[in-house]
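Student: Below is the structure I would like to discuss, written out as structure tokens.
Computed from the coordinates by the stated procedures, all read-outs in this text should not be read as laboratory data. Computed from a prediction, not measured in an experiment: that's the story for all the values here. Cβ placement follows ideal geometry from the backbone for every residue including glycine, while neighbour counts extend to all protein chains displayed.
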Amino acid sequence: MNILTYLIPISLLLGGVGLVAFIYTVRSNQYDDPEGDARRILNDEWDDRPKP
């Protein structure tokens, strides 16, 4: 039972770190346009091949 005094705070800390990371990604607009990348990969307008 002594191990719970270590495991509970560690799990709460890791959960808090995950929550803060998620909030950061939402506020920095990383989930703004998920459909744009899916359509852009099929478009022939942009050529991502390296130039010789």
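Student: Please count how many residues of region 1-45 are loosely packed, with under 10 Cβ neighbours inside 10 Å, of a type in the set (S, T, N, Q) and assigned to a helix (DSSP H, G or I).
Tutor: 1
Student: Could I ask something else about it? So which pairs qualify, if the first residue must be in region 6-20 and without any contact (Cβ under 8 Å) to a residue 12 or more places away in the chain, the second must be surrounded by 10 or more Cβ atoms within 10 Å (Cβ to Cβ) and part of a helix (DSSP H, G or I), the Cβ gap must be under 8 Å, and the two must be at least 6 apart or on different chains?
Tutor: Listed by first residue and then by second, the contacts come to nothing, as the list is empty.
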